[in-house]
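Notes for the one structure printed next.
The values are calculated or read from the model by the stated rules, or taken from the named source; none is laboratory data. Keep in mind it's a predicted model, so treat the numbers as computed, not measured. Positions of Cβ are generated from backbone atoms using ideal geometry, with glycine treated the same way; all protein chains shown enter the neighbour counts. All accessible areas refer to the heavy atoms of the entire protein, side chains included, with ligands and DNA or RNA removed. Shrake-Rupley method; radii C 1.70, N 1.55, O 1.52, S 1.80 Å.
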Amino acid sequence: QVQLVESGGGLVQAGGSLRLSCGPSSGSIFDFNSMAWHRQGPGKQREVIASISSGGTTDYADSVKGRFTISRDNVKNTVFLQMTTLKPDDTGIYYCNGDRFDSRLGALIEYWGQGTQVTVSS
């Protein structure tokens with residue numbers, strides 16, 4: 001069964017940068033339609049913070065606009081989230097999410113990663 005695998009989280013000081021990566025455990029990211037990064041802060045609901053379509057159109061939550069950049073590299077089979085000027089409020093678990101059409105089921109299936117922790121110290 002295909003899974004999305006994230007990496008790149010860690011502890012960073014406020015004002016620093018991190019880059020998160022996400023790729024499928026098998027198959028190609030080219031098969032995925034839109035992909036997104038979600039964040040769940042301590043005591044908060046999970047929220048979508050950045051998304052990218054198969055054609056490369058991006059969208060961002062107001063809280064990260066201008067600081068975070070989502071990109072997808074079909075050759076590297078990876079979706080990236082470049083995070084700069086990090087703030088303590090950016091602390092949380094970051095999840096990768098994507099959907100692709102399953103021809104066997106005849107349906108669009110949504111996939112999630114296991115999450116990677118990002119902690120920003122003040």
Lys44: which aspartates and glutamates have alpha carbons under 19 Å from its alpha carbon, excluding same-chain residues fewer than 8 sequence positions away? Asp62, Asp89, Asp90
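Could you grab the relative contact order for the chain? Cα pairs under 8 Å, six or more apart, rounded to a whole percent.
Taking the mean separation of contacting Cα pairs over the length of the chain, I get 35 percent.
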Answer in debye to the nearest 20: the dipole magnitude of the chain about its Cα centre, from +1 Lys/Arg and -1 Asp/Glu charges placed on Cβ, is 200
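For Asn33 and Ala61 in the same chain, what is the full-extension length gain: residue separation times 0.36 nm, less their Cα-Cα distance, in nm?
Numbers: separation 28, 0.36 × 28 = 10.08 nm, distance 1.94 nm.
Full extension of this stretch gives 8.1 nm more.
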What is the sum of charges, Lys and Arg at +1 and Asp and Glu at -1, for the other residues whose Cβ falls under 14 Å from the Cβ of Tyr111? -4
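Considering only protein heavy atoms, with the full assembly of protein chains and a 1.4 angstrom probe, order Asp90, Asp102 by accessible area, largest first.
Numbers: Asp90 5, Asp102 35 Å².
So, going from the largest accessible area down, we get Asp102, Asp90.
Per residue, what accessible area does the chain have, given a 1.4 Å probe and all protein chains present, in Å²?
Details: 6510 Å² over 122 residues.
Heavy-atom accessible area per residue stands at 53 Å².
Take the solvent-accessible surface of the protein heavy atoms, probe 1.4 Å, and return the percent of it on region 53-116 that carbon and sulfur atoms account for.
On the way: 1690 of 3470 Å².
With neighbouring chains kept in place, the figure for region 53-116 is 49 percent.
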